[in-house]
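Okay, so here's the structure we're looking at.
The values are calculated or read from the model by the stated rules, or taken from the named source; none is laboratory data. Just so you know, these numbers come straight off a predicted model, no measurement behind them. Every residue, glycine among them, receives a Cβ derived from its backbone with ideal geometry; neighbour counts consider all protein chains shown.
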Amino acid sequence: MSIELNHTIVESPDPDAGAAFLTEVLGLPAPYHFGPFTVVEVAHGTSLDYMTVADPHSQHYAFLVPDDEFAVIAERLRERGVPTFADPGHRRPGHNTNDGGQGAYFDSPEGHNLEILTRPYGSGV
């Protein structure tokens, strides 16, 4: 299949702060401005375009990360005092080992439910 996600809008009361948090935690290149958006680029030309919204609706954004980056990202979150959870409902602290990989959920400054995982769901190992 040749269809790829190109970009999505991320609501934020402070797009620069939200985008900076994401790039710093995930170790991505610094965000840049394009029109009214603060843009975070991820793999395959996909971007998250942060847009100013006074009262953002909580969304879920999941990021597939390499195995060797998971611990690095988790440490960045610990350094910032951001708790991680093994489940999307944030009931179990820590991380999970779904599908033979690792995964963790955490909140962005805007209240979005972010996720890092090392194996796609259903990939089973």
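Count, please, the residues in the range 90-113 that happen to be in a loop (DSSP other than H, G, I, E, B) and either among the polar types (S, T, N, Q) or under 25 Å from D49 (Cα atoms) (or both).
7
Can you tell me which residue is nearest to F34 (Cα to Cα) among those in the range 46-71 that are among the hydrophobic types (A, V, I, L, M, F, W, C) and over 14 Å from the mean Cα position of the chain (by Cα)? Even if it seems obvious, please write down each step before you answer.
Filtering the range 46-71 for residues among the hydrophobic types (A, V, I, L, M, F, W, C) gives 48, 51, 53-54, 62-65, 70-71.
The next check asks that each one be over 14 Å from the mean Cα position of the chain (by Cα); those that pass are 51, 53-54, 71.
Numbers: M51: 11, V53: 16, A54: 20, A71: 32 Å.
Among residues in the range 46-71 that are among the hydrophobic types (A, V, I, L, M, F, W, C) and over 14 Å from the mean Cα position of the chain (by Cα), the one nearest to F34 (Cα to Cα) is M51.
Of all the residues that make up the range 9-23, how many are among the acidic types (D, E) and either under 11 Å from the mean Cα position of the chain (by Cα) or surrounded by 23 or more Cβ atoms within 10 Å (Cβ to Cβ) (or both)?
Looking only at that region, the number is 0.
Residue pairs, Cβ under 8 Å, 6 or more apart or interchain, first in the range 88-117 and on the phi > 0 side of the Ramachandran plot, second assigned to a loop (DSSP other than H, G, I, E, B) and aromatic (F, W, Y). List them.
Partner pairs satisfying both residue conditions: D99/Y121.
The conditions are (1) surrounded by 15 or more Cβ atoms within 10 Å (Cβ to Cβ); (2) within 15 Å of the chain's Cα centre (by Cα), and F37 fails exactly one of them. Which is it?
For F37, the failing item is (2).
Residue-by-condition table, conditions (1) touching a Cys at 6+ places or on another chain (Cβ under 6 Å); (2) modelled with pLDDT of 95 or more; (3) over 30 Å from T97 (Cβ atoms):
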{"position": "T23", "(1), (2), (3)": "no, yes, no"}
{"position": "L26", "(1), (2), (3)": "no, yes, no"}
{"position": "A30", "(1), (2), (3)": "no, yes, yes"}
{"position": "G45", "(1), (2), (3)": "no, no, yes"}
{"position": "A62", "(1), (2), (3)": "no, yes, no"}
{"position": "V65", "(1), (2), (3)": "no, yes, no"}
{"position": "R80", "(1), (2), (3)": "no, yes, no"}
